[in-house]
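Here's the structure, in structure tokens; my notes come after.
The values are calculated or read from the model by the stated rules, or taken from the named source; none is laboratory data. Not measured: the values here are computed from a predicted model. Glycine also receives a Cβ, built like all others from the backbone with ideal geometry; neighbour counts cover every protein chain displayed. The protein model used for the area step is the full one, side chains on, heavy atoms only, and it has no ligands, DNA or RNA in it. Shrake-Rupley method; radii C 1.70, N 1.55, O 1.52, S 1.80 Å.
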Amino acid sequence: MTTDTPVRLLNLLSLLQTPREWPGGELADRLGVSRRTVRRDIDRLRELGYPVQATKGADGGYRLVAGKAMPPLVLDDEEAVAIAVGLRAGAGHAVEGVEEASVRALAKLEQVLPSRLRHRVTTLQAATTALTSGDGASIATETLTVMASSVAGRERLRFAYRAKDGIESRRLTEPYRLVSTGRRWYLVAYDLDRGDWRTFRVDRVSEPFATGARFAPRELPAGDAAEYLRQSVWRRQETYEFSVTFAASAEFVAARLPGWLGVPEPVVGRGAGEGEDGGEDRV
């Protein structure tokens with residue numbers, strides 16, 4: 001049980017900053033206090049300027065909503081490092097309109113970072129290099145923000161979508177996860193109109209709108225969102241069969257090629273001296 005009120009308030013604020021609604025009982029369990037203490041702490045946060053909204057009913061709870069001004073955020077070490085690294089990446093490329101804002105926000109954050117965390121950010125950034133390729137289309141920051149909030153809050157998401165062939169449609173979904181492949185963003189979601197799971201390229205999404213309707217998460221067919229996306233993209237790709245002949249033994253070729261290319265098979269009926277063992281092998 002946390003008896004130190006300032007520490008407890010900071011822990012409570014850290015939980016509320018997660019974009020979801022927290023039932024009072026769950027907050028009490030997390031903080032190791034009574035529901036009455038949670039209610040008193042919520043009132044203290046409101047007095048400090050944090051706009052905490054409460055909803056009644058069996059599914060009611062507390063959530064931090066947008067206010068007229070943004071009070072200070074509470075970040076732990078890992079969150080501060082993650083944000084700083086993300087801002088540095090955004091300052092270079094990726095999300096439409098975010099470069100200049102990333103530079104400004106990064107300057108403010110690094111100004112107040114403890115030296116130990118500033119060193120971690122610098123070291124991590126120096127050790128990594130971003131690789132971009134293809135037509136990695138830029139995405140409006142508002143689109144990603146709305147989608148991420150819907151995923152975290154388990155709210156149904158409605159949006160306009162333009163398919164690969166140019167056909168446009170309106171979709172009502174239960175968003176599961178956002179997945180980044182490095183040059184593109186994808187949304188893995190359950191499409192309510194089609195009654196099945198779908199993946200959507202975020203750069204083809206427009207007018208995203210969180211409906212406010214909550215839902216219970218469904219079980220994803222694959223192990224996780226990244227694996228489901230990989231399988232989905234793989235199914236849509238064209239496949240080809242090909243044969244390659246090498247002037248080397250099957251053992252020599254097998255040791256140097258990835259297994260997914262197939263198992264090398266000796267080619268019979270060739271003249272001696274064409275390979276290391278007197279014949280040509282192919283895979």
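LEU229 is checked against (1) open to solvent by 20 Å² or more (accessible area, probe 1.4 Å); (2) farther than 30 Å from THR55 by Cα and fails just one. What number does that condition carry?
(1)
Regarding GLU174, is this residue more than 22 Å from the chain's Cα centre (by Cα) and farther than 20 Å from ILE139 by Cα?
For GLU174, the condition - more than 22 Å from the chain's Cα centre (by Cα) and farther than 20 Å from ILE139 by Cα - is not met.
For region 201-223, how many residues meet the condition of being touching a helix residue (DSSP H, G or I) at 6+ places or on another chain (Cβ under 9 Å), open to solvent by 80 Å² or more (accessible area, probe 1.4 Å) and closer than 23 Å to GLU21 by Cα?
2
Which fully enclosed helices (runs of 4 or more DSSP H) of region 19-95 have 2 or more residues being modelled with pLDDT of 85 or more and open to solvent by less than 40 Å² (accessible area, probe 1.4 Å)?
Correct list: 24-31, 35-47.
Report yes if some residue within region 9-16 is modelled with pLDDT of 80 or more, open to solvent by 50 Å² or more (accessible area, probe 1.4 Å) and farther than 29 Å from ARG184 by Cα; otherwise report no.
Yes, some residue in region 9-16 is modelled with pLDDT of 80 or more, open to solvent by 50 Å² or more (accessible area, probe 1.4 Å) and farther than 29 Å from ARG184 by Cα.
May I ask you to say which residue of GLY279, GLY269, GLY259 is at pLDDT below 85, of a type outside the set (Val, Ile, Thr) and open to solvent by less than 40 Å² (accessible area, probe 1.4 Å)?
GLY279
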